[in-house]
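The values are calculated or read from the model by the stated rules, or taken from the named source; none is laboratory data. Since the model is a prediction, treat every value here as computed from it, not as a measurement. As a convention, Cβ positions derive from the backbone with ideal geometry for all residues, glycine included, and neighbour counts pool all protein chains shown.
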Amino acid sequence: MISYISGILKYKGENFVIIENSGIGFRIFVSPETVGRLPAAENAAKLYTHMNVKEDDLSLFGFLTMEELNMFDRLITVKGVGPKGATALLASLTPAQISLAIISDDVKTLSSGQGIGKKTAQQIILDLKDKTQTMDAAGATVINTAAAKPDSGERADAAEALLSLGFGKPEVSKALDAVFDESLTSAELISRALKVL
């Protein structure tokens with residue numbers, strides 16, 4: 001399996017790029033958002049890759065970070081989510097936002113990906129909720145109920161998750177004050193606070 005390809009970016013298409021390595025041009029499918037984040041042609045580039053093997057097709061899908069690749073690998077295990085659907089979802093949401101949507105049962109956010117309908121979003125939550133215990137965003141690790149540290153409360157975990165998504169401390173604190181209940185898990189607090197925010 002090819003874990004990543006590093007070389008010279010020779011071509012940028014709408015949904016694929018060609019990276020040359022050792023005289024071989026690798027055609028790698030990527031989202032339009034990823035194309036926009038890559039350097040101009042003839043510059044060095046590196047993509048983490050997933051090789052999709054079918055009876056009549058062999059394709060590479062590329063991502064700029066290992067977090068994106070790991071989320072892609074999880075998403076394609078869900079019934080109804082193929083490589084193209086997973087790539088489209090990662091084009092509109094970061095891995096952290098997808099994780100947060102999964103642990104907070106946010107079907108609407110997951111449905112924002114092209115080709116991801118309400119039923120598929122519900123299936124993603126059903127299949128991946130137990131596996132989505134940690135989430136990395138902006139250099140911070142957010143831990144949900146299933147992996148919570150004994151010395152950190154549910155409110156602290158929820159606050160850290162919301163802060164990692166770019167909300168300010170004052171607004172996060174205010175939102176959590178409005179919805180806080182000791183009986184709620186961090187995932188439930190996040191879901192309720194997001195509605196306030």
In region 52-72, is there at least one residue being at positive phi and over 17 Å from the mean Cα position of the chain (by Cα)?
no
Can you give me the number of residues within region 109-124 that are surrounded by fewer than 17 Cβ atoms within 10 Å (Cβ to Cβ) and either in contact with a Phe, Trp or Tyr (Cβ under 6 Å, 6 or more places away or on another chain) or touching a residue at least 24 places away in the same chain (Cβ under 8 Å) (or both)?
3
Could you check region 1-101 for helices (runs of 4 or more DSSP H) lying wholly inside it with 3 or more residues that are out of contact with any Lys or Arg (no Cβ under 6 Å at 6 or more places or on another chain) and buried (at least 19 other Cβ atoms within 10 Å of the Cβ)?
66-75, 83-92
Identify, by number, the condition in (1) in contact with a strand residue (DSSP E or B) (Cβ under 9 Å, 6 or more places away or on another chain); (2) at pLDDT below 95 that residue 48 doesn't meet.
(2)
Is there a residue in region 13-21 that is modelled with pLDDT under 95 and among the β-branched types (Val, Ile, Thr)?
no
Does region 182-197 contain any residue that is at pLDDT 80 or above, loosely packed, with under 15 Cβ neighbours inside 10 Å, of a type in the set (A, V, I, L, M, F, W, C) and over 24 Å from residue 69 (Cα atoms)?
yes
Of all residues in region 53-93, which are among the polar types (S, T, N, Q) and at pLDDT below 90?
92
Identify, from the list 136, 106, 127, 151, the residue that is at pLDDT below 80 and surrounded by 16 or more Cβ atoms within 10 Å (Cβ to Cβ).
136
Verdict on residue 80 being assigned by TED's automatic domain parsing to the domain that holds residue 117, touching a helix residue (DSSP H, G or I) at 6+ places or on another chain (Cβ under 9 Å), of a type in the set (Gly, Ala, Ser) and at positive phi
yes
